[in-house]
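> Dumping the structure here so I can ask a few things about it.
The values are calculated or read from the model by the stated rules, or taken from the named source; none is laboratory data. Here the structure is a predicted model, which is why all the values come from computation and not from measurement. All Cβ positions, even for glycine, are placed from backbone atoms using ideal geometry, and neighbour counts span all protein chains on display. Note: accessible area is taken over every heavy atom of the protein model, side chains too, but ligands, DNA and RNA are not part of it. Shrake-Rupley method; radii C 1.70, N 1.55, O 1.52, S 1.80 Å.
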Amino acid sequence: MGLPLAVLNAAAGRPTVIYDVNQRSVELVRSGKAPFFEEGLAELLAKVVESGYLTVSDQPEVIADARYVVLVVGTPVDRYLNPDIESLFAAVRYCRPHLRTGQLLVLRSTVYPGVSRKLQDYLSDSGLEVDVAFCPERIAQGRALIETGSLPQIISAFSERGLADAREFFAPIAPEILTLEPLEAELAKLFTNAYRYIEFASVNQFYMIAETQGVNYERIAHAIKHRYPRLAHMPGPGFAAGPCLLKDTMQLAAFYNRQCSLGHAALWINEGLPDFIVARLKKDYPLHTMTVGILGMAFKADNDDRRDSLSYKLRKLLRLEAKRTLCHDPMVPDPDLQPRDVVIDESDVLIIGAPHREYRSLDLPSSKVVVDIWGCLPQDRGTLRP
Ligand SMILES: NC(=O)c1ccc[n+]([C@@H]2O[C@H](COP(=O)([O-])OP(=O)(O)OC[C@H]3O[C@@H](n4cnc5c(N)ncnc54)[C@H](O)[C@@H]3O)[C@@H](O)[C@H]2O)c1
């Protein structure tokens, strides 16, 4: 998320420097190339690097000259689903000698509630007059450049000066600014992601109920949404995963003493969808004799990000249960994947793992068993029934 924000700032005419520890990313960005896919990023990045407005470094000294320092490192949960803030504080400790009194530190990572306060206290205790402003990123991955200019920006800080600086920082790139207290802003971001995750889980649960009864969920969904405004925004079923929704729902659950039962239920349902597919296939077909192909390994459509993708979880399950598993993705850079035609020709069962644009016109042979939870194929092959 740091790169699109840096590019937008540079494009708005602000000299911008990125500091990152990932040497490969630093070299790619320095040469004007995007290390991952974001709509419109490749073109704009090349332009701002060429113009000199965006520079990149693997040395933390570069932050000393900055008026605004934006912190966007990852904030994962650990294997026991506890928030892991160590890497965020390690990054700050490492950069501490190069921070200067008078700078604004915009905390852009999604954090466990209270981390902004901890960070402000750490900096103040170390003798620096640096204001921390927690200003969450709410764009959808892949659409950062499009959405940043259209979504209201929530800002928060611990002083009027910090708020004024945060407002000044976002004014050239955000259309509207909303102010919250830091704890409110931290919760606002976690609620945003947890709500999406729970919403997807509701629909995935409905899908599993319908399919277990041998009826077609897509037909039901069409009927209940048709000219019925209260359900107009109901999403479709599909793998709900990726680097944010699950871990942010679990940060919220951890914050609420593990009593966030809706969040935990959403995790069981969403993470259980690959298991559901495999169990249904096993029930209806001699899966152990069959080759299964997964089309789409990214965690979402038209993206190259495979982090926490449920297609990889599905592959893991199929490697235990099917005779052979083949995978394709047009965007994910993974040497273990096969060409699309090989996957289609050699598989007995085909499962859509991510509804990439290029699959939406696929006319899959009728001899194949097809699982299309998303309902993205031109023909209705959404059912798990034979
Ligand atoms: N990915 C999203 O869609 C999204 C959306 C909204 C918010 N967020 C939040 O933004 C934050 C970053 O997410 P991301 O997906 O961009 O993560 P990422 O891992 O893709 O990017 C983090 C970057 O920080 C660099 N980094 C790590 N440690 C560093 C250090 N000590 N010093 C300098 N650089 C360091 C990494 O090399 C990497 O380039 C997370 O808190 C996430 O929850 C992500």
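> Any idea what the dipole of the stretch 275-323 comes to, in debye rounded to 20, about its Cα centre with Lys/Arg Cβ at +1 and Asp/Glu Cβ at -1?
220 debye
> Of the options 52, 68, 5, report the single residue whose Cα projects farthest towards the positive end of the charge dipole of the stretch 1-88 (beta-carbon charges: Lys, Arg +1; Asp, Glu -1).
About the Cα centre, the residue reaching furthest to the positive side is 52.
> Something else: Counting only DSSP beta bridges with both residues in the chain, what percent are antiparallel, rounded to the nearest 5?
So the antiparallel bridges in the chain amount to around 5 percent.
> Between 293, 236, 214, find the one with the highest GNM mean-square fluctuation for the chain; connect C-alpha pairs within less than 10 Å.
214
> Hey, rough spin-label estimate for residue 126 and residue 368, points 7 angstrom out along Cα→Cβ, what's it come to in nanometres?
Placing both labels 7 Å beyond Cα along the Cβ direction yields 5.4 nm.
> So what's the stretch 141-211 giving for Cα Rg divided by 2.2 N^0.38 Å, two decimals?
Relative to the rule-of-thumb radius for its length, the stretch 141-211 sits at 1.50.
> Local charge sum around residue 189 (other residues, Cβ-Cβ under 11 Å, Lys/Arg +1, Asp/Glu -1)?
Values: positive: 108, 138; negative: 137, 184, 186, 248.
Around residue 189, the charge tally is -2.
> May I ask you to compute the full-extension gain from residue 191 to residue 228, defined as 0.36 nm times their residue separation minus their alpha-carbon distance, rounded to one decimal in nm?
Net length gain for the segment: 10.7 nm.
> Identify which of 375, 142, 52 has the largest mean-square fluctuation in a Gaussian network model of the chain, with springs joining Cα atoms closer than 10 Å.
Comparing 375, 142, 52 in the GNM, the peak value goes to 52.
> Oh, and also: What nm distance separates the two modelled labels at residue 258 and residue 307, each placed 7 Å from Cα along Cα→Cβ?
2.6 nm
> Next question, about the same structure. Rank 224, 295, 274 by how far each Cα sits towards the positive end of the charge dipole of the chain (+1 on Lys, Arg Cβ; -1 on Asp, Glu Cβ) and give me just the farthest.
224
> Okay, moving on. Among rounded, prolate and oblate, which fits the stretch 18-144 when a ≥ b ≥ c are the square roots of the eigenvalues of its C-alpha gyration tensor, a/c under 1.5 means rounded, and a/b larger than b/c means prolate? Mind showing how you got there, number by number?
Numbers: a/c = 1.94, a/b = 1.33, b/c = 1.46.
Verdict is oblate for the stretch 18-144.
> If you don't mind, there's one more thing I want to ask. What accessible area, in Å² to the nearest ten, does a 1.4 Å probe give for residue 288?
About 130 Å², rounded to the nearest 10.
> For the stretch 80-203, what does the convex hull of the Cα positions come to per residue, in cubic angstrom?
Cα-based convex hull of the stretch 80-203, divided per residue, equals 130 Å³.
> Once you keep just the Cα pairs under 8 angstrom separated by 6 or more residues, what percentage relative contact order results for the chain?
12 percent.
> Can you name the helices of the chain, as whole DSSP H runs, whose Cα span along the helix axis is 18 Å or more and whose Kyte-Doolittle mean is not below 0.5?
Qualifying helices: none.
> With the full set of protein chains in place, find how many percent of the accessible area of the chain is carbon and sulfur; take the probe as 1.4 Å.
On the way: 9960 of 18350 Å².
After summing per-atom areas, the C and S share lands at 54 percent.
> Right, something else. First measure r as the distance between the Cβ atoms of residue 24 and residue 360, then evaluate 1/(1 + (r/R0)^6) with R0 = 41 Å and state the FRET efficiency to the nearest 0.05.
E between residue 24 and residue 360, to the nearest 0.05, is 0.80.
> Starting from the Cα gyration tensor of the chain, take the square roots of the eigenvalues, sort them a ≥ b ≥ c, and report rounded, prolate or oblate (rounded when a/c is under 1.5, otherwise prolate if a/b is larger than b/c, else oblate).
Numbers: a/c = 2.17, a/b = 1.76, b/c = 1.24.
In terms of gyration-tensor shape, prolate.
> Going by the alpha-carbon gyration tensor, a ≥ b ≥ c the square roots of its eigenvalues, is the stretch 299-386 rounded (a/c under 1.5) or, if a/c is not under 1.5, prolate (a/b greater than b/c) versus oblate?
Verdict is rounded for the stretch 299-386.
> Quick one, what does Rg over Rh come out to for the stretch 172-273 if you take C-alpha atoms and the Kirkwood Rh?
1.06
> With charges set only on the Cβ (+1 for Lys and Arg, -1 for Asp and Glu), what does the dipole of the stretch 141-293 come to about its Cα centre, in debye to the nearest 20?
620 debye
> Same structure again: For 206, 200, give me the order by solvent-accessible area with a 1.4 Å probe, most accessible first, ignoring ligands, DNA and RNA.
Largest to smallest exposure gives the sequence 206, 200.
> Explain nothing, just the number: dipole magnitude of the chain about its Cα centre with +1 on each Lys and Arg Cβ and -1 on each Asp and Glu Cβ, in debye rounded to the nearest 20.
Computed charge dipole of the chain: roughly 880 debye.
> Just the Cα atoms of the stretch 67-118, one point each, no solvent: what log10 I(q)/I(0) does Debye give at q = 0.22 Å⁻¹?
-0.86
> Follow-up. Determine the distance separating the Cα centre of the stretch 353-372 from the Cα centre of the stretch 35-88; give it in Å without decimals.
Cα centres, the stretch 353-372 to the stretch 35-88: 36 Å.
> Further question on the same structure: Can you count the Lys pairs in the stretch 258-386 whose Cα atoms are under 21 Å apart, with each pair 8 or more apart or on different chains?
Step by step, the pairs that qualify in the stretch 258-386 add up to 12.
> Could I ask something else about it? Add -39500 (n - 2.57) for each DSSP H run of 4 or more in the chain, then divide by its residues: what number comes out at 222 nm, to the nearest 500 deg cm²/dmol?
Details: 13 runs with 159 residues, N = 386.
-13000 deg cm²/dmol, from helical runs alone.
> Using 0.36 nm per residue of separation minus the Cα-Cα distance, give me the extension gain between residue 36 and residue 140 in nm, one decimal.
36.0 nm
> May I pose another question? Would you work out which of 233, 94, 351 lies farthest towards the positive end of the dipole of the chain? Charges go on Cβ: Lys and Arg +1, Asp and Glu -1.
Positive-most Cα among the choices belongs to 351.
> Note down the nm distance, to one decimal, between modelled labels 7 Å out along Cα→Cβ at residue 379 and at residue 177.
Distance between the two pseudo-spin positions: 5.6 nm.
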